[in-house]
1. Please state, as a whole number in µm²/s, the translational diffusion coefficient that the Stokes-Einstein equation yields for segment 173-273 at 20 °C and 1.002 mPa s, with Rh defined as the Kirkwood radius across alpha carbon pairs.
2. Separation of segment 272-345 and segment 46-123 by C-alpha centroid, Å?
3. Take the solvent-accessible surface of the protein heavy atoms, probe 1.4 Å, and return the percent of it on segment 2-118 that carbon and sulfur atoms account for.
4. Under a 10 Å cutoff between Cα atoms, tell me which one of Ala121, Ala275, Ala135 has the largest fluctuation in the Gaussian network model of the chain.
5. One quarter of the convex hull surface, Cα atoms only: what value does that give for segment 151-203 in nm²?
6. Sort the following peptides by mean Cβ neighbour count (other Cβ atoms within 10 Å, averaged over residues), highest first: 283-296, 15-28.
7. Could you give the Stokes-Einstein D for segment 250-345 in µm² per second, using the C-alpha Kirkwood radius, 37 °C, 0.692 mPa s?
8. I need to check one value: relative contact order of segment 110-204, counting alpha carbon pairs closer than 8 Å and at least 6 residues apart, in percent.
Amino acid sequence: MDLTPRVFSGMQPTGSLHLGNYLGAMLQWIEMQKTHECIYCVVDMHAITLWQEPSELVSATRQVTAAYIAAGLDPKKSILFNQSQVPEHAELAWVFNCVARLGWLNRMTQFKDKAGKDREAASVGLYAYPNLMAADILAYRATHVPVGDDQKQHLELARDIAQKFNNDFKPQIEAAGFADGVFFPQPEPVITGPATRVMSLRDGTKKMSKSDPSDLSRINLTDDADSIAKKIQKAKTDPDGIPSDAGGLAGRPEAENLVGIYAALAGKSRDAVLAEFGGSQFSGFKKALAELAVDRLQPLGDEIRRLTSSPTEIDAVLADGSARAHAIAKPVMNKVKDIVGFLRS
Ligand code: TYM
């Protein structure tokens, strides 16, 4: 059981994916597919930490899978599957519930944001969410995790869990044949690219999110050309135009966000975008950005719609991916059982 480089990441099927998911994570997933063994998950078990209408969860799971494929993830090369079809995620998460400390979870800012003021009413699952995320990654002993900036704290927790497990069970891990006492790797966050934090189009200080009540705040991957153009045109800006260097973006979150989005979509650096548009008014820049966004996203949206119209094909991809994922996770979980002291037949 060698520790080979392996990539794991996931997205929640809680409605349509948006530009933040695409630029912040998916572009990196596609890149890493060229060089690594990759496992990409639709995390339906994470989704139900907040209430999901069951029929909508089914269609969102298929739609996110369709978006993975439409964006360029190859289901033959990489493993694409939904979390609930591989029972080891839940099994390992329970072990991690007993490894992670309350104090660690109490520090998670995303729980505080999502639970809001009435914390007593939040589900236990929402609180234990990061332990399940650690289980997702470590059930495959994955070494690299490409994500957007907002997942950084959860990944630090996954590293802490891996380390505590290795320490707590050191003698058993060594007895199981891991001479260096390392059973779980320290998974490395891969947070790179020009748009690791895409912000809301209505408020440059808030991240673009599926849960924002205003649909104008985000560009969904399934938006049509008119909505994309309208949302960019209505995006909040400030009275100054586009500066010619990065210093001119300081303290201007909306301008910085739009320039970052342009750079990510065009595959250019921010400096190159500023060199091209420096001195322009927002009206002209927004027009160019809308054209670029429609150009890049419309074919993606069309392909997502085409794929979702044949659910049996998507379900077959998920069934195949789940079987391949299970084949990796099961022996890992068996070792965990031996290490922890669970009898198995
Ligand atoms: P989720 O579903 O919220 O988001 C999926 C991915 O998109 C990134 N992202 C963004 N990146 C830049 N700007 C934004 N505005 C933006 N919004 C979202 C996220 O960082 C993420 O990479 N807990 C995870 C899912 C998960 C997971 C895992 C990830 C479950 N298990 C194991 C990695 C490894 C989540 O809720 O992502």
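The values are calculated or read from the model by the stated rules, or taken from the named source; none is laboratory data. Keep in mind the model is a prediction, meaning the values are calculated, not measured. FYI the Cβ positions are ideal-geometry reconstructions off the backbone, even for glycines, and counts take in every protein chain you see. These area figures cover heavy atoms from the full protein model, side chains too; ligands, DNA and RNA do not enter into them. Shrake-Rupley method; radii C 1.70, N 1.55, O 1.52, S 1.80 Å.
1. 133 µm²/s
2. Rounded to whole Å, the Cα centres lie 14 Å apart.
3. 55 percent
4. Ala121
5. Numbers: hull surface 19.6 nm².
Taking a quarter of the hull surface, the average projection is 4.9 nm².
6. Numbers: 283-296: 16.6, 15-28: 23.0.
Going from most to least packed, we get 15-28, 283-296.
7. Working: Rh = 18.1 Å.
Stokes-Einstein gives a translational diffusion coefficient of 182 µm²/s.
8. Computed value for segment 110-204: 32 percent relative contact order.
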